[in-house]
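J.: Quick one: the structure is below, and I'll ask about it shortly.
The values are calculated or read from the model by the stated rules, or taken from the named source; none is laboratory data. Bear in mind the structure is a predicted one, so any value in this text is a computation, not a measurement. Methodologically, a virtual Cβ is constructed for each residue, glycine included, from the backbone with ideal geometry; neighbour enumeration extends over all protein chains shown. Calculation scope for accessible area: heavy atoms of the full protein, side chains included, ligands and nucleic acids excluded. Shrake-Rupley method; radii C 1.70, N 1.55, O 1.52, S 1.80 Å.
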Amino acid sequence: MIYQTASDWTNAAQKRVLLFAMSGLGKTHVSAMLRETRDWFHYSIDYRIGTRYMGEYIADNAKAEAMKVPFLRELLLSDSIHIGSNISFDNLTPVSTYLGKPGDPAKGGLPMAEYQRRQDQFRRAELDALRDTPYFIDRAQALYGYPHFVCDTGGSICEWVDAGDPADPVLRMLSDSCLMVWIKGSDDHTVDLVERFDKAPKPMAYEPEFLLAAWGEYMRENKYLAVDVDPNSFIRWIFARALAHRQPRYEAMANNWGITVQASDMASVRDEADFVAVIAQGLAVRD
């Protein structure tokens with residue numbers, strides 16, 4: 001780790017952290033709060049994915065839908081209109097909409113083969129965005145003069161790395177660049193996340209083997225064919241399983257490559273000083 005002790009962290013002139021956790025546990029909220037101090041560069045992995053690595057996929061998908069409408073088709077073919085996504089740190093909907101959900105096309109679902117293709121596109125995009133972290137650390141300081149850096153990762157980071165492998169190239173690169181911090185939720189947080197997801201299910205990225213196993217189990221349990229699957233019902237069903245699948249992976253990342261802070265402690269952060277203190281406490285506990 002680039003900071004071995006709480007003192008190393010507190011006294012560092014340049015503080016660099018990477019936050020990882022399930023969506024909904026405060027990564028983006030805290031990152032945005034730090035960004036507003038004007039001393040922290042906020043590197044959003046999901047924003048980088050949507051603007052740099054999947055922007056063309058997203059725009060082309062929207063254009064393909066527009067081409068089905070004769071009026072819009074004529075305007076597109078004559079270059080009379082432009083279609084693009086309006087991604088921001090606070091609105092990453094274009095990325096999740098493109099990822100989609102598997103199931104009955106009549107209910108907005110994607111065929112599994114197409115869904116898997118988009119999942120693989122996202123996997124490659126997320127890994128590329130993570131590999132860009134050192135570049136943005138240097139860029140933030142050289143171009144903008146930011147002394148501090150926070151990397152706000154997506155919840156699926158744990159799907160593409162092997163935390164038990166001391167030679168994992170992505171984790172080694174990240175831990176050489178930033179202090180990796182797991183925001184660990186409680187059982188109550190898990191219940192809350194499931195309830196919130198049930199009200200507003202949104203697409204996610206999954207490890208391919210986990211996805212296919214869950215898909216097969218869901219269809220066997222319900223005696224469905226692929227075209228029978230309600231997309232929202234499936235992703236609601238898989239969500240709690242995804243949480244359980246990711247928990248030990250996050251834990252291994254924290255144990256082998258970084259530190260753990262409690263989501264309840266992170267939720268109490270109101271300013272930069274609070275954030276520095278919570279991270280220092282996490283380092284002290286690890287010591």
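J.: For the chain, take the longest principal axis of its alpha carbons; what is the angle in degrees between that and the long axis of helix 112-131, to the nearest 10 within 0 to 90?
T.: Once rounded, the angle reads 20 degrees.
J.: Roll a 1.4 angstrom probe over the protein heavy atoms and tell me the percent of accessible area of the range 225-287 that is carbon or sulfur. Numbers along the way, then the final one.
T.: On the way: 1420 of 2820 Å².
Ligands and nucleic acids excluded, carbon and sulfur reach 50 percent.
J.: Let me ask something additional. About its Cα centre, how strong a charge dipole does the range 137-259 have in debye, to the nearest 20, once Lys and Arg get +1 and Asp and Glu get -1 at the Cβ? Before the final figure, lay out the partial values.
T.: Values: 12 positive and 19 negative charges, 45 e Å.
Approximately 220 debye in magnitude.
J.: On a straight-distance basis, which lysines could pair with residue 184 in a cross-link, Cα separation under 26 angstrom, same-chain partners fewer than 8 positions away excluded?
T.: 15, 27, 199, 202
J.: Could you tell me what % of all Cα pairs in the range 164-254 have separations over 20 Å? Intermediate values should be presented prior to the final figure.
T.: On the way: 2041 of 4095 pairs.
That tail contains 50 percent of the Cα-Cα pairs.
J.: If you find the alpha carbon centre of the range 204-224 and of the range 56-107, how far apart are they in angstrom?
T.: 27
J.: Report, in cubic angstrom per residue, the convex hull volume of the C-alpha atoms of the chain.
T.: Spread over its residues, the Cα hull of the chain gives 143 Å³ apiece.
J.: Once phi is turned into θ = phi - 60°, what whole-Hz ³J(HN,Hα) does the Karplus curve with 6.51, -1.76 and 1.60 give for every residue of the range 260-269, x standing for Gly and Pro?
T.: 10, 10, 7, 4, 5, 5, 5, 5, 7, 5
J.: Name the long-range amide H neighbours of residue 18: under 5 Å, sequence gap of 5 or more, or other chain; modelled H, no Pro or chain starts.
T.: Long-range HN contacts for residue 18: 151, 179, 180, 181.
J.: Same structure, new question: About its Cα centre, what dipole magnitude does the range 97-165 give when the only charges are +1 on Lys and Arg Cβ and -1 on Asp and Glu Cβ, stated in debye to the nearest 20? Walk me through the numbers before you get to the answer.
T.: Numbers: 8 positive and 11 negative charges, 60 e Å.
In total the dipole reaches around 280 debye.
J.: Which whole-Hz couplings ³J(HN,Hα) result when phi for each residue of the range 57-73 is put into the Karplus expression 6.51 cos²θ - 1.76 cosθ + 1.60, θ = phi - 60°, listed in order with x for Gly and Pro?
T.: Result, ordered by residue: 4, 5, 5, 5, 5, 5, 5, 4, 5, 5, 5, 6, 9, x, 4, 6, 4 Hz.
J.: For a test of the definition: using alpha carbon positions, the gyration tensor, and the 1.5 limit on a/c, classify the range 147-190 as rounded, prolate or oblate. All intermediate terms of the calculation are to be shown ahead of the outcome.
T.: Values: a/c = 2.29, a/b = 1.26, b/c = 1.81.
It comes out oblate by the Cα gyration axes.
J.: Follow-up question, since we're still on this one. Within 11 Å, Cβ to Cβ, of residue 36, how many net charges do the neighbouring residues add up to if Lys/Arg are +1 and Asp/Glu are -1? Please report the intermediate quantities before stating the final value.
T.: Details: positive: 35, 38; negative: 39, 271, 272.
My count for the surroundings of residue 36 gives -1.
J.: May I ask you to list the lysines whose Cα is less than 21 Å away from that of residue 223, ignoring any residue fewer than eight positions away on the same chain?
T.: By straight Cα distance, residue 223 reaches 101, 107.
J.: Could I ask something else about it? Just for the chain, what percent of DSSP beta bridges are antiparallel, to the closest 5?
T.: Values: 1 of 20 bridges.
Expressed as a percentage, antiparallel bridges in the chain total about 5.
J.: Among 97, 190, 37, whose mean-square fluctuation peaks in a Gaussian network model of the chain (Cα, cutoff 10 Å)?
T.: 37
J.: Take each of the peptides 236-242, 224-230, 39-45, average the number of other beta-carbon atoms within 10 Å over its residues, and list them starting from the highest.
T.: Working: 236-242: 17.9, 224-230: 14.7, 39-45: 21.9.
Highest-to-lowest ranking by the protection proxy: 39-45, 236-242, 224-230.
J.: Something else about it: What's the ranking of 20-31, 211-222 by average number of surrounding C-beta atoms within 10 Å, highest first?
T.: Details: 20-31: 21.8, 211-222: 14.3.
For the peptides 20-31, 211-222, the packing ranking is 20-31, 211-222.
J.: Per-residue counts of other Cβ atoms within 10 Å, averaged by peptide: what ranking do you get for 127-135, 2-10, 152-160, highest first?
T.: 152-160, 127-135, 2-10
J.: For every other residue with a beta carbon closer than 15 angstrom to the beta carbon of residue 266, add +1 if it is Lys or Arg and -1 if Asp or Glu, then tell me the sum.
T.: Working: positive: 27, 184, 270; negative: 152, 188, 192, 265, 271, 272, 274.
Spelling it out: positives minus negatives among the neighbours equals -4.
J.: Work out, in µm²/s and without decimals, the Stokes-Einstein translational diffusion coefficient of the range 98-184 at 25 °C, 0.890 mPa s, Rh from Kirkwood over C-alpha pairs. Walk me through the numbers on the way to the answer.
T.: On the way: Rh = 15.3 Å.
Rounded to a whole number, D works out at 161 µm²/s.
J.: Provide the net charge surrounding residue 195, with neighbours chosen by a C-beta distance below 12 Å and charges set as Lys +1, Arg +1, Asp -1, Glu -1. Please list the in-between numbers first.
T.: On the way: positive: 196, 199, 236; negative: 188, 192, 198.
Taking every Cβ under 12 Å from that of residue 195, the sum is 0.
J.: Per residue, how much accessible area does the range 1-131 have with a 1.4 Å probe, in Å²? Before the final figure, lay out the partial values.
T.: On the way: 6640 Å² over 131 residues.
I get 51 Å² per residue for this part.
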